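Chemist: Here's a structure for you.
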Amino acid sequence: MKNRVFYALLGLALAAPVAAFAGQPDHSQQSGHYEWKSVPQYGPRATGPAQRRVWVPDATQVAACDCDMMKMSSTAAADCMKQMHSMASPSATSVG
């Protein structure tokens, strides 16, 4: 019985420092702000939507794409997509 209590206390002592480091992420390198967002609450005694503080970056991150389609003009890209669509479904061009 003493061993179980000892191991339980040892587990708590080891888990406490880990919980201390699991705080808010550091956003000092990014520009943005915090906002309050509504999150649903589930259960029989839910009091309604709760508020949660979330980080919202000012600029959206865009993936860098170096493909041939991105280098085309918008009309050439649209024509390319039409050709791809007609190749995928041959029934799309035939009516009746």
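Bear in mind that the values in this text are calculations on the coordinates, not laboratory data. Source: prediction; values computed, not measured. Cβ sites come from the backbone with ideal geometry, for glycine too, and all protein chains shown count toward neighbours.
Chemist: Can you give the extra length, in nm with one decimal, that the chain gains between A50 and S31 once fully stretched, where that is 0.36 nm per residue apart less the Cα-Cα distance? If you can, show how the numbers build up before the last one.
Modeler: On the way: separation 19, 0.36 × 19 = 6.84 nm, distance 2.60 nm.
So the chain would gain 4.2 nm between A50 and S31.
Chemist: Here's something else I'd like to know. May I ask you to derive the FRET efficiency for N3 and V39 from their Cβ-Cβ distance with R0 = 41 Å, giving the value to the nearest 0.05?
Modeler: Rounded to the nearest 0.05, the efficiency is 0.45.
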